[in-house]
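Report on the structure given below.
Bear in mind these aren't lab numbers, they're just calculated from the coordinates by the rules spelled out. Not measured: the values here are computed from a predicted model. Cβ coordinates were reconstructed from backbone atoms using ideal geometry, including for glycine residues, and neighbour counts include every protein chain displayed.
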Amino acid sequence: MAALWELSLSELTERLRRREVSAREAAVAYLDRIEATDERLGAFLHVDREGALAQAEAIDASRAPAGGETGRRLLWGAPIALKDILAVKGQPLTCGSRILEHFVSPYDATVVERLRREGAVFLGRLNMDEFAMGSSTENSAFKKTRNPWDLERSPGGSSGGCAAATAARQCPAAIGSDTGGSVRQPAAFCGVTGLKPTYGRVSRYGLVAYASSLDQIGPVTLTTRDAALLLQAIAGYDPRDSTSLPAPTPDYLAALDKGVRDLRVGLPKEYFVGGLDPRIREAVYKAARTLEQLGATVEEISLPHTEYAVAAYYIIAPAEASANLARFDGVRYGLRVQGRDPIEMYSKTRAAGFGPEVKRRVILGTYALSSGYYDAYYLRALKVRRLISRDFEEAFRQVDVLVTPTSPTPAFRLGEKTEDPLQMYLSDIYTAPCNLAGLCGISVPGGLVEPERLPVGVQFLGKPLGEETLLRVAYAYEQASGCARLRPPIAEEDRPDSLEE
């Protein structure tokens, strides 16, 4: 029998529901796993052992008779880890930044409230690029997170801690955020599943804002079924978030087994151009062939404005960031560096508190919004965003879902792209369009590439509020390919010899 920490979220919740294991036993298994592996991995910024055990013991103590109301909670006693950008009352909320190093959240995010309601246990806070600005988790002010497939490589970003911890089985699942690919790209790099829901499907209340028109909270999991389970728990309208959509929440788990027969799948020709690793191209084509064999129809489609997506994203996102991060001024909360007057205090605080990438993006965004440049940059980027949205609208008149690469390359080495921000930004070339158009997207494991034996991701994109179909397609591919069963070396070497497959 497998160790508890080897189970998927769905497998674990089933055992918890059947009372084959207690919430405390599950929490201890993962807390011990973190203690044994995180010195090598660096995925966690804060582990709340005492709090997690207290939550688990409270859940065990409150169990109702079999079939009672509490027995129907989706995540009854399941341990979950959170990206350090989501507010949890009484816990650190640093966003990977020195400017919030000692800040403690006074309230719970809506997503956290909903996870609590469903019986989740919170293990701790996961590392990230500072304020979610980055694609490698090297921009964290506190530590570098390493890829569990190769400790000399990046886990991706900005939710690199989420993907690394999940892949290494330090937690059965994590909750991250995705502004331009920050859930999906690290999921691809680490060989796990990352879901970016439709903009507005999940409340952003309690998510520290990077770019408010692009940010979305999403799960990082071992399987598509786990992603559907977590989305079921966190999705839904929230009046505290003005961008939340008042749409009913479907039964995502019930939709998984419907298959893909008669669905139409599109291959965007603009996503298969120069710069794409040919091994990843082949993995995506193989995924398309697999869906054809399962009964779907695959056809080439066009998204003609794709080439402008990264440029538009890196105007819009920094512009919104420059406004959102103005609140970190040393006056109300967070770091304060004293000065002779408020202006000097403000300047010194931000100089000491923000890292180089955050400063770069704030300067870029402020410039794009400044008088004389607003029309030339920001307004033009918004027009390009609308053209990209129209491309997707036209594509989804022809097909039900798109299949694309998640990243142009497998995981790159730590330090490889830090001196060239443009090369780092190009890591988002296949994920940023989804955020610009407000779509839903998911990255699932697409196998390993040789000779490095590194995982690659296959991305599926769906219509706004089309998560049911998106998850159906991803699940059908996952079941046929078997790629979700791949384990990184750190998960293999720590398995007891007595365990059976």
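Please give the residues of region 192-233, grouped as numeric ranges, whose backbone N is less than 20 Å from a label point set 7 Å along the Cα-to-Cβ vector of Glu493.
Inside the label zone: 192.
What is region 156-256 by shape, rounded, prolate or oblate, if you read a ≥ b ≥ c off the alpha carbon gyration tensor as root eigenvalues and call it rounded for a/c under 1.5, prolate for a/b larger than b/c, and oblate otherwise? Could the numbers behind the result be given before it?
On the way: a/c = 2.24, a/b = 1.28, b/c = 1.75.
Cα axes put region 156-256 in the oblate bin.
Given 4 °C and 1.567 mPa s, how large is the Stokes-Einstein diffusion coefficient of region 367-501 in µm²/s, with Rh as the Kirkwood radius over Cα pairs? Could the numbers behind the result be given before it?
Working: Rh = 17.9 Å.
Translational diffusion coefficient: 72 µm²/s.
I want the antiparallel fraction of DSSP beta bridges within the chain, as a percent rounded to 5. Write down the numbers at each step before the final one.
Working: 32 of 45 bridges.
Looking only at bridges with both residues in the chain, the antiparallel portion is about 70 percent.
How far, in nm, would the chain grow between Ala247 and Arg116 when pulled straight, counting 0.36 nm per residue and subtracting the alpha carbon separation? Present the calculation step by step, with values, prior to reporting the outcome.
Numbers: separation 131, 0.36 × 131 = 47.16 nm, distance 2.21 nm.
So the chain would gain 45.0 nm between Ala247 and Arg116.
Applying 1/(1 + (r/R0)^6) with R0 = 22 Å to the Cβ-Cβ distance of Arg332 and Ile363, what FRET efficiency is obtained, to the nearest 0.05?
Working: r = 23 Å, r/R0 = 1.02.
My answer for the efficiency is 0.45.
In Å, what Rg and Dmax follow from the Cα atoms of region 335-423?
Using the Cα atoms of region 335-423, the pair Rg, Dmax is 20.0, 63 Å.
If you take the alpha carbon radius of gyration of the chain and divide it by 2.2 N^0.38 Å, what ratio comes out, to two decimals?
For the chain, the normalised Cα radius of gyration is 0.92.
Given Cα positions, please report Rg to Rh for region 392-457, the hydrodynamic radius being the Kirkwood one. Could the numbers behind the result be given before it?
Details: Rg = 14.4 Å, Rh = 13.9 Å.
In region 392-457, Rg relative to Rh is 1.04.
Would you please give the residues with an amide H less than 5 Å from that of Gly446, counting only those at least 5 places away or on a separate chain, with H modeled from the backbone geometry?
Those lying under 5 Å, H to H, from Gly446 are Val456, Gly457, Val458.
In terms of modelled amide H atoms, which long-range or inter-chain residues lie less than 5 Å from the amide H of Phe122?
Residues meeting the amide H criterion: Ile80.
Kirkwood hydrodynamic radius, computed over distinct alpha-carbon pairs, for region 308-383: how many Å, to one decimal? Spell out each step's value before the answer.
Numbers: mean 1/r = 0.0755 Å⁻¹.
Hydrodynamic radius (Kirkwood, Cα pairs) of region 308-383 is 13.2 Å.
What list do you get for Ile363, Ile85, Ile280 if you sort them by fewest beta carbons within 10 Å? It would help to have the intermediate numbers written out before the result.
Working: Ile363 12, Ile85 31, Ile280 24.
In order of increasing Cβ crowding within 10 Å: Ile363, Ile280, Ile85.
I'd like the Karplus ³J(HN,Hα) series for region 284-292: coefficients 6.51, -1.76, 1.60, θ = phi - 60°, whole numbers in Hz, and an x wherever there's a Gly or Pro.
5, 4, 5, 4, 4, 5, 4, 5, 4
With N residues in region 74-153, what two-decimal value do you get for its Cα radius of gyration over 2.2 N^0.38 Å?
Values: Rg = 13.8 Å, N = 80, 2.2 N^0.38 = 11.6 Å.
Compactness ratio reported: 1.19.
What are the ³J(HN,Hα) values, in whole Hz, obtained from phi via the Karplus relation 6.51 cos²θ - 1.76 cosθ + 1.60 with θ = phi - 60°, for each residue of region 350-361 in sequence order, with x given for Gly and Pro?
Coupling constants for region 350-361: 6, 5, 7, x, 9, x, x, 5, 5, 4, 4, 6 Hz.
How large is ³J(HN,Hα), in whole Hz, for each residue of region 223-232 in order, when computed from phi with the Karplus curve 6.51 cos²θ - 1.76 cosθ + 1.60 and θ = phi - 60°, using x for Gly and Pro?
9, 5, 4, 5, 5, 5, 4, 5, 4, 4
Do you know the relative contact order of the chain, to the nearest whole percent, from alpha carbon pairs under 8 angstrom that are 6+ apart? Intermediate results must be reported in sequence, preceding the final value.
Details: 1210 pairs, mean separation 88.5, N = 501.
Computed value for the chain: 18 percent relative contact order.
Check the chain and count each lysine pair with an alpha-carbon distance under 21 angstrom, considering only pairs eight or more places apart or from different chains.
Taking the Cα cut-off of 21 Å, the pair count is 14.
Give me Phe189, Phe142 sorted ascending by neighbouring Cβ count inside 10 Å, so fewest comes first.
Working: Phe189 37, Phe142 17.
Ordered from fewest to most neighbouring Cβ atoms within 10 Å, Phe189, Phe142 come out as Phe142, Phe189.
Could you work out the relative contact order of region 308-383, using alpha carbon pairs under 8 angstrom and six or more residues apart, expressed as a whole percent? Write out the running numbers ahead of the final one.
Values: 76 pairs, mean separation 31.7, N = 76.
Rounded, it is 42 percent for region 308-383.
Can you give the FRET efficiency for Arg386 and Gln423, using 1/(1 + (r/R0)^6), R0 = 25 Å, r = Cβ-Cβ distance, to the nearest 0.05? Please list the in-between numbers first.
Working: r = 28 Å, r/R0 = 1.11.
It comes to 0.35.
Amide H neighbours of Leu45 under 5 Å, counting only residues 5+ apart in sequence or on other chains, H built in-plane at 1.01 Å?
For Leu45, whose amide H was placed from the backbone, the distant partners under 5 Å are Arg125, Leu126, Asn127.
Which ordering of Thr469, Thr418 is given by a fewest-first count of other beta-carbon atoms within 10 Å? Don't skip to the end; give the middle numbers.
Details: Thr469 19, Thr418 16.
Ordered from fewest to most neighbouring Cβ atoms within 10 Å, Thr469, Thr418 come out as Thr418, Thr469.
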